[in-house]
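This report concerns only the one structure given below.
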Amino acid sequence: MRSRLARGGAKQKGDDGDKKDDSADAAPAVPVAPVGDLTVRPAPLFTSGSKRAAEEAVLYTTAAHPRSFSPLRRRRTGLGGGTFDDGLYVAPLPAASARALQTLEARLAFAPGSKALADGAGVLLRQPDPVRPVRVLPSWLDAAGAEPSGGPFEVERRRPEKWGTSVAGTLASGGASPRVLQVSVGGIRLQDHRLFLREHELQSACRSLVARLEDAHERQLAQLHALKISELKEAVADLREQIGGGAGEGTTDAKLQSRLAALCTELLETRQLKDEQECAERLLARRLLKLWHALKAEREAQGFKSTRARMQFRLVEPSAIDEEAEALARELEEEVDERKLAHALAAQAAPGSDLDEDGIRAAIERRQQELRRPPGEGRLLPVYSELATPTPPEQLPQRERSRQREAAREVLYARLLVDGRAVCELGCGKLQPHDMSVRLEASIQLQLLTRPASLAVEVWQRRYGGLGDQLLGQVYLSMPETASPTMPHWQSYAFTASRPFQPLAGREGIHEALENALDGVQPLPRHVVSGEVEVSTAWTTRPADRLSEAGAGAVGDLASGGALAVDPQQVLATVSPDELDPNAPTDAPLLSLMARIDRGSVGGIFRHLRNAAALQWSSSWAASDRFSLFQLRRKHPGKWAQLPPDEKAVPPRDSLIPPGMRQLLRPAAEFDDAVGRYDSDRVAQEKASRVKAWITQVRARHEAARASQRYVMDTQDYVREPLLEVEAAEINCSAFLKLLEPRRKLLPQRRLRKPVPGSDSTERKIEVVVQSGFDLPVRAPSNAQRGRPKTSLFVEVRFQGQRFTTDIKSGANPAWNTILELNLAAPGGDWSQQAIMNLSDEIAFNLYDKVHRTERDERDESQLTVREESRWLGGFALPFSTLYRNGKLEGSFPLDTMPPMLLGYEKDSESRSQAFVPASALRTFLTINPLLPPPKEEERERLTTHDAKMQEFAKEWVKTIARGERHVRVFAPGADGQKMLLCRFIRPQNPPSELIGNERQLLRYVSLVPFLDDAAMEGGALDVWNTSDSFLDLGAGDQEEHAILLCNYLLAMNKGSYVVLGSGIPEGLTAYVLTIEGGSPRLWNACTGRTWEKDEFDRCSLTSVGAVFNQQNIWANVGPGEAPAEVQWNLSDEKLWKPFFGKGGFARPDVLPSAQLSTLEYHRTTEDFRSGIEREVYDALQREVEELRGFRPTDWNRSVNAKLKDLLKRFEQDVAGVKKLTAIEHDATLERVRASYHMVGLPINVTYTDRNAIIKRVRETNIFLADAKKIQFALSVYVHAYPNQVCSVWVYCASLEDLRAGSSSRSS
Amino acid sequence: MAAPSAGQQRYFNVMATGQIESGRFEGNSSLYCRYVFSCGEDWSVMCGVEEGITQMASSSGSTANGSVVWNFPIDATFRSTCPHGWPQLVLSVYGEDYFGRPDMILGYGAVHLPLTPGRHRVTVRTFRPLASSLLGRLQSWLNGMRPEFIESLFPAKGEGREATSPCICSPRPALFSTTGMEQLGYAVPPPRAEGVRLIDPLAATIS
């Protein structure tokens, strides 16, 4: 069939001109080309693979088909499967719907360049392809005489492919034309296998020896050596003549002599080599003979032949003993001569010892005896073939027959891997039981756009019908160097399996036999499957190119179209054509390359890749400032964002970089010494700007993380799908059930409040119920009055400028039960979740004691002045965002800001607690009415690429352990946008050197670092966990950062400490520190500086424990208890604490690199800075008080200030746990003052952020509103400085009423 | 024109004038088209309209191949220091769906402005995302809520393609011509002759 088609093609070519005329005459010509007795009707099939199939049909056949017709002829298609008039069977067309056909037609017509529709409406003609795609090994010269294929355009239907990319699509898109690499696999020859007999093993040993011998014969090494010797001999003789003739010319003589010496040594070396080569060949032949004997013996022993191996030995008779002996003697003499000459030459250069001629002669003789064939001995020429007939099966013993049957069932196949990816199976064949080899005989053509990095063939053994295939071995193939067409060249590659097998019984003794035969060469000690696979790789031309070029009638140009993988210029630089031997086969590719270069047609398809690599190594641009700007833009988008908008483009040259960008390029300034000096505005400004810069930087990084694929992206991130956004309303079945319930009037049902979305039309109020107070201070008995005076306590609530007060109650545990309603207004009427979250207003609670002071004028008894003073006792503030997040808040809120000492007040005698501060609390209830919709996570939780698997697991893990409102998390977003495992934040970190060893002091230090809520950050909430170094550098952070820092400090002190995640009052979601010492747990709040022992847990402000983590693990609280007092703090109990790494959890990774630095650096706060703050706060307060008092004069009593300052120092020592300050000591210090003055006052402590916060606190105390005759005031400020400019500010303010002023004031 | 500046030249300009000529979608006769220019970080728009929306146009019976002609003029001038991020024209075509519901997304497409000065005619193939699930597809067909890209500049970007595999393709041509000159060390090929056809590279990669 093929030859017929080929002939037809040739004929068709000749007829072409006539046919054109015909079709011009009869317009709707049916594309039937009568060629001899054949009619060929090829047309593209509209299936996805049709184009490739057509291409392959062209590739693998010699046929040429006429394709000169247009595929867009109009004719009703009625072609089904069946035979045509010419007797060819044509496969039926695949079914296609009318709509699909229409679409196709429309697209065809619409394609650029198409004129199809100009002819009017019609139907697309579909014709099947009569050429069945048959795979045949390609032949080189098939291309000659073929016609170019394809019409004006080709039809191709594209579809998104599920697996991999569409090669056809890429090829069709143009660009680089692909090269074709042909890989053929010939066969596999096993060298060892489970089913090998001893005979097979001997045979495979034979094979390898024969291969070596053949190789030696083929290369004709011995003959080449002999030739070289004769050449060298002649050269030496010539030279000697020259030297003898032209004696006397010094310089040339020396040159000639040195050359002669070199020739001599080479000659001697060659002689030695030749002898060795001869000996090696002789040895091989002898070993083969031995092997063959062993094999024959084996065959006799087993009684049958199971291999086809046959060896014949030809004995080449020596010519004559005498002649050979003579030749040997001659060679001996010659060599002795040469040695003498060499010695003489060497002696000339460096005179030395005499020549021992006899010794030399003896040595040469010995060598000849050892290596050379003795004269008269015949040469053995082994001729190995595999033509022997093995014993027919009927004569075989049962065991051998079953072995052969088993072997015949073994199936082996090869798989081609390109760049490590499996491309296809290459052939599949059964094992031949006699040869133990497999013929695969398969070939594949790869279309490649780039040169593959690796090409490999895997040999597989099929097992269990393809279900449990076993890999035997993998070989990497060598690729032909150039991408231009080359002739296929078969090469054997050896492979070895890794798994040993148990050989058949009876093979045990084979090692000794082999060793015997091979003169002590050790075979492999263990049995593994091994063998050789024959593969050839060669570049061929692409079918289309081949056809077109062939059509142009220039087969010779094929080579010129090929591209080169090597740079021809480089080749030219290293190799000159004169050095190449035109006859040496090894130089042939180089020569053809040269020829192509000369012709000037060097086109490369892989060259652009090489250029790219060259560009990569060009170092000049990597050093430029412009390049560093590009890098900076990618790595620090936040810094880039600070540039002015019209200066954001990177300039084209280094010289044009504007100063703003130069600034960015400069390395970050070291810690500025100037900060040590105090300048209030600058410090505050700098701090604010630093925090602001950090926030913008973090935001920019998060944005960049989104863009730079640090997140694992999903379809939802790109495509808005309506279905996913529609929320299905929950069906509430309980409403139906409720209808059926019996009605009980005396059992009212609780009605849940429904959240109402915020708007200006609905009036919204914050309802506050101040219920009661606990453990509040009571007035100390004074001398003036008998009995204990009663307090008149009331609570003032402030919010957004509104102020409400409760009734007045007295006692240490008053019950107010007052309901207050505060209006809630959204800023600018913006009720969006973001805006409400950002509402920075606080709901402030302050507790006051109302004091009535009556004063009677002594001269005018009728005049009675009653002064009502509200003495501030303490308070706390709730951020509105906490209330918003929780919907309602209920509980006991400790009066955080209550001073440690209140002059004139003391603890109730019935109170169990010692001090005012931690114990006093207010019980309140807060809610928003109507409720606001609960805050929703706007962004769905994303996974980042780092540890993505762990994050995915963590998501599920958190879901499975979710219980109530417990706060559990495993990952937290870091500042760089990557999510980080919580454990990575924990690491022992060094505390400041001056605070080492004192945990109270450390707690004090951490709690003094200013607080900055995530939600209150500029531009919206930003949930980021910062590392400790950055936290200390910024001097601001929220609960997590405080807790982590404290935990790290405690770890550095070798305390077993953990961070507790949970929710508390008033801050909501929070983090505490837990230490367990000797089984007794202790909770630390790193923000307020309070600690709770185990027996105080019921009073702890942490209300719910969600999870606990340290640097090793995360434990989720899955026990029944939620509050710290109910929780069993035994982390090893898996029923109560579920570990993240551990049973049922994630497999612990080997390393958990910490996110924290190993050592923190601190800088000492200078005395200058400390005193600067002190002075500034003092001045500011003094001014403020004077302003506050307005027209009334303010008389400062400065003599008391020093005493108060001493007291303030003691307060700081007390809080930091250095030295305790008792009330007695406090009173004793002030005793003298109080002897002469009626003193009312209190100390205030804040961490320094800015002075306005301090002023606000002082104003709240109302102390400076006091008025009396000759009233004086005292104000003292003390600042205690901790490292990193963390400062604790203490203010003592007091009013002093002169007792000697004679006023008969009475307070009630 | 290259911006002449004192001393060394800092920028080069690319000017694009042309029109969105016509479009064709099988089974749709009235379409409108939104266009946005998308360019890299170093680029800025000096003058012209960066984005716009064409009128709704219908194919009349007279045009044989059923294409919709807008002939909507576009004009923009860009300034840049670096050819990285060469401007692209991102098009999104809207029209009616099978049930005559308006404002349905029919396809997105993007094409780089031609790199050579001269008159160019460019055909842009468009695609649109499908719902990720069968149920979603049915629902979007019933409800007339077709999935859309969250970011309209998506077609001009490389990222996210792995997450959005199912796409529908339709051909849609546009015509515009570009003039641009740069003397900033970048070689500019001579103006192309009229009638040179650039086939959009995206047509091949998105399929």
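The values are calculated or read from the model by the stated rules, or taken from the named source; none is laboratory data. In this text, all values refer to a predicted model and were calculated from it rather than measured experimentally. Counting neighbours? That spans all protein chains shown, and the Cβs are built from the backbone with ideal geometry, glycine included. Heads up: the accessible areas ignore ligands, DNA and RNA and are worked out on the full protein's heavy atoms, side chains in. Shrake-Rupley method; radii C 1.70, N 1.55, O 1.52, S 1.80 Å.
Structure notes:
- The 3J(HN,Hα) values that the Karplus relation (6.51, -1.76, 1.60; θ = phi - 60°) gives for region A:254-261 are, in residue order, 4, 4, 4, 5, 5, 5, 4, 4 Hz. Gly and Pro appear as x.
- A:S1171 versus A:L737: modelled label distance in nm, points set 7 Å from Cα along the beta carbon direction: 7.5 nm
- In this structure, the amide hydrogen of A:G874, modeled 1.01 Å from its nitrogen in the peptide plane, lies closer than 5 angstrom to those of A:L847, counting only residues at least 5 positions away or on a different chain.
- Estimated dipole of region A:197-312 in Debye, rounded to 20 [Cβ of Lys and Arg +1, of Asp and Glu -1, Cα centre]: 860 debye
- Residue ranges A:635-645, A:1281-1291 sort as A:1281-1291, A:635-645 when ordered by packing (mean number of other C-beta atoms within 10 Å per residue, highest first).
- Farthest toward positive dipole pole in region A:1102-1175 [+1 Lys/Arg, -1 Asp/Glu at C-beta], among A:F1109, A:S1158, A:A1147: A:A1147
- Couplings for region A:1250-1266, taken from phi via the Karplus curve 6.51 cos²θ - 1.76 cosθ + 1.60 with θ = phi - 60°, read 8, 6, 4, 4, 5, 4, 4, 5, 5, 5, 4, 6, 6, 5, 7, 8, 4 Hz in order; Gly and Pro are left as x.
- Phi angles across region A:231-240 convert, under the Karplus curve 6.51 cos²θ - 1.76 cosθ + 1.60 with θ = phi - 60°, into 3J(HN,Hα) values of 4, 5, 4, 4, 4, 4, 4, 4, 4, 4 Hz, Gly and Pro given as x.
- Straight-line cross-link partners of A:K233 among the lysines, defined as a Cα under 24 Å from its Cα and at least 8 positions apart when in the same chain: A:K255, A:K274, A:K340.
- Amide H contacts under 5 Å for A:T486: A:W539, restricted to partners 5 or more places along the chain or on a different chain, H placed in the peptide plane at 1.01 Å from N.
- Pairs exceeding 22 Å between alpha-carbon atoms, taken from A:K745/A:K765; A:K635/B:K157; A:K907/A:K1220; A:K959/A:K1135: A:K745/A:K765.
- Cβ-Cβ distance of A:A216 and A:D238, R₀ of 30 Å, FRET efficiency by 1/(1 + (r/R0)^6): the value works out to about 0.45.
- Buried area at the A-B interface (accessible, heavy atoms, 1.4 Å probe, summed, Å²): 3300 Å²
- Under 5 Å, built H, 5+ apart or other chain: amide partners of B:F149: A:R720
- Trypsin sites (Lys or Arg not before Pro) within region A:416-484: DSSP coil, no more than 12 neighbouring Cβ in 10 Å: A:R463
- Cross-link pairs exceeding 21 Å between alpha carbons, from the set A:K754/A:K936; A:K809/A:K850; A:K850/A:K1203; A:K888/A:K936: A:K850/A:K1203.
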